[in-house]
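Notes follow the structure.
Please treat every number below as a calculation from the coordinates, not as lab data. All of these numbers come straight from a predicted model, not from anything done at the bench. Glycine also receives a Cβ, built like all others from the backbone with ideal geometry; neighbour counts cover every protein chain displayed.
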């Protein structure tokens, strides 16, 4: 019995006194590093994100967020912004910038007084009777129509 007890004692001490191995697992990142090519224009604007260089703002802007929307004259109720033109004015409204989808950069206008229209090459921008953009003396874009629609049932007036 004493022999069994000594054997148990030494084996348990051996277990207690032994150095335990530290878990030496190495974590390997199995996902390869991805690189995404971001195309920027000459001013550093990310075109894929919808940014274009603005001369008036002197910065990259999203024209749909900052400009006044003009729709093609033959489709004023157009809901697709990709066919629209956008107008950006400075604070005193003596400088304007028009962004057209067909042109790689904006058309920049200046005028001397707010009573005048803007002219540049074949383009004329008028703010007098709503926003209109003419190309070769023909109105091609006009301010987008606005429609007030009920969002929820309580927005509808009861008659």
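Here are a few things to note about the model shown:
- Figure legend: label point modelled 7 angstrom from the Cα of residue 42 along Cα→Cβ; residues of the stretch 105-128 with amide N under 17 Å from it are 105-108.
- Principal axis extents of the Cα atoms in the stretch 65-143, from largest to smallest and rounded to whole angstrom, are 34, 26, 23.
- Peptides 111-123, 88-100 ranked from most to least packed give 88-100, 111-123, packing being the mean of other C-beta atoms within 10 angstrom over each peptide's residues.
- Multiplying the residue separation of residue 93 and residue 5 by 0.36 nm and removing their Cα-Cα distance gives an extension gain of 21.7 nm.
- Panel order for 63, 56, 38, 73, by other beta carbons found within 10 Å of each beta carbon, from fewest to most: 38, 73, 56, 63.
- Look at the alpha carbon pairs under 8 Å that are at least 6 residues apart: their mean separation over the length of the stretch 65-143 gives a relative contact order of 25 percent.
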